[in-house]
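Written out below as structure tokens is the structure these notes cover.
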Amino acid sequence: MKKLWILVAGIAIVSCKNEAPIDYAIITGNVANTDAKEITLYGTSDRSFKKHTIAIQENGSFVDTVKVAGDFMLYGAKNAIPLHLELGNAITINFDAKDYPKTITLTGNGSEISSYLVAKNLKERELTGKGTAVYKQEEADYKKTFSSIKTAQNEILDAATGISEDFKTKEKRNIHYTYLGKLNMYKSYHSYYAKKPDFEPSTEFLSELNDVDYTNAEDFKSSPSYKSLVTGHYNKKAADIAKADDSDRTLAMLKVCSSVENQDIKNTLAYDAIQYPMTRADNLEELYTAFKSVSTDEKNNTEIEKSYIKLKELVKGKPSPKFTNYENNAGGTTSLDDLKGKYVYIDVWATWCGPCKAEIPFLKKVEKQYHGKDIHFLSVSIDDPKDHQKWKDMIIEKELGGIQLFADNVWESKFVTDYMVKGIPKFILLDPQGNIVTANAPRPSDDKLVALFKELKI
């Protein structure tokens, strides 16, 4: 019997050794009092993780697996839940959509950090109050508010169980960086919400920022608040250079990056500085050359090079990427080739986009000015299919003119990805042969648009 027990134990040990490691985390739970059909997980620590949608069943339950570890935000049922996931975690989330603060619970293997993050966020929400009133406070009261938040969040962290001391040590620094970040943003926020356009905080108010070390690579990687402080610090330097030299802001930032001593910080700042601006830049070659002279990160360099090669196909005179059979609000479908023979001014937009809607009055004015001329005005919505009726209603409500089309796959529509659209509104101008005049046309609110039309004799 003893030999049999040893054999069974040995087999069990071998089985444990051969068992594949768990390469996923489980998210499950229930949300009460909601008609939402899904919740969406967005990555906040890994830029390669865009989003992951989880279906909500009729009874409010949801379950799914995620094969990426890191920090995330779970959006849905009109709430946002911070999550920290490690592979092998199995976290259960329950809440009532109508009373999230009092009902949210997180349980299960690995839920401790996420529970802390939720409590931390709820405490800030409680102490700042509703709306934007906190940003109207005078200096002393504003600093007192966020100092009390910092103290309260540290107390929550100290009381949290099941969390490693290493995490707590790093998180204490992150809480402090968040506090400093709130002080740093006071000028712009108070100026806007208190309607004081010329407001300047006192020197003493920002004195705590004088001691910040902007070279801590560990905190730059682990603390979003520290990364934001560092980025803001170097962005300010770049803004000063650009203003003094009357030069390109992105080029100035890449120049600043070249002086950053820590290579990891330098690489991240350079990547962040160029990844979106290059998609709208007229000086693509100059930006790409400047980036290459600074960055030593292979992954970043490969990604930016791919974007550069793609963007080189979107210059003046190149054939435009095409779309086929987009739904036309007027009835039927329209393809880009149907519009050849005239210039085409394209507006990529969505009903949820504030800056897009702000351009509508100006677009209508330009359309009226060029009615009957040698140009089509084309608006392509990248709204989600669930907002299809909202799109149709807004066309009526805003009395939108021109040609109104609905893209076939939101942000992933081939036409949108071919043009590397990273933000909207996005304006494009094509010539009568379907070739690109500019992939970064002026907005309707910009006088340069009509000047361009006149130059082209439209």
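Each reported figure results from applying straightforward, stated rules to the coordinates on display, with no laboratory input. The shown structure was predicted, so the numbers you read here are calculated from the model rather than taken from an experiment. Backbone-built Cβ (ideal geometry, glycine too); neighbour counts: all protein chains shown.
Couple of notes before you dig in:
- Between the helical axis of 284-294 and the longest alpha-carbon principal axis of the chain there is an angle of about 30 degrees.
- Qualifying trypsin sites (Lys or Arg not before Pro) for region 132-200 [loop in DSSP, other Cβ within 10 Å: at most 14]: LYS195
- With viscosity 1.567 mPa s and temperature 4 °C, the Kirkwood radius over alpha carbon pairs of the chain converts through Stokes-Einstein to a diffusion coefficient of 50 µm²/s.
- Exposure proxy ranking, count of Cβ atoms within 10 Å, fewest first, for ILE241, ILE39, ILE424: ILE241, ILE424, ILE39
- Unsatisfied cross-links (Cα-Cα over 25 Å) in the set LYS170/LYS299; LYS236/LYS365; LYS299/LYS322; LYS123/LYS172: LYS170/LYS299; LYS236/LYS365; LYS299/LYS322
- Loop-resident sites, region 295-327, for trypsin sites (Lys or Arg not before Pro), counting at most 12 other Cβ within 10 Å (DSSP): LYS316, LYS322
- Shape class of region 326-455 from the alpha-carbon gyration tensor: rounded, with the ratio a/c of largest to smallest axis under 1.5.
- Coil-residue GluC sites (Glu not before Pro) of region 37-96, DSSP, other Cβ within 10 Å capped at 16: GLU58, GLU86
- Between helix 224-245 and the chain: long-axis angle, C-alpha atoms, 0 to 90°, nearest 10: 30 degrees
- Cα-based helix-to-principal-axis angle, 298-311 vs the chain, degrees rounded to 10: 20 degrees
- Given R0 = 41 Å, the distance between the Cβ atoms of ASN409 and GLU204 translates into a calculated FRET efficiency of 0.15.
- Straight-distance candidates among the aspartates and glutamates for linking to LYS130, with alpha-carbon spacing under 18 Å and chain neighbours fewer than 8 residues away dropped: ASP99, GLU138, ASP141.
- The count of lysine pairs in region 25-110 that are at least 8 places apart or cross chains, and whose C-alpha atoms lie under 14 Å apart, stands at 4.
- Global geometry of region 25-110, whether rounded, prolate or oblate, following the gyration tensor of its Cα atoms and the 1.5 cut on a/c: prolate
- Computed [θ] at 222 nm, deg cm²/dmol, the chain (DSSP H ≥ 4; -39,500 (n - 2.57); rounded to nearest 500): -14000 deg cm²/dmol
- Here TYR226, TYR419 are placed in order of increasing Cβ neighbour count within 10 Å, fewest first, which gives TYR419, TYR226.
- Neighbour-count order for ASP240, ASP198, ASP387, fewest beta carbons within 10 angstrom listed first: ASP198, ASP240, ASP387
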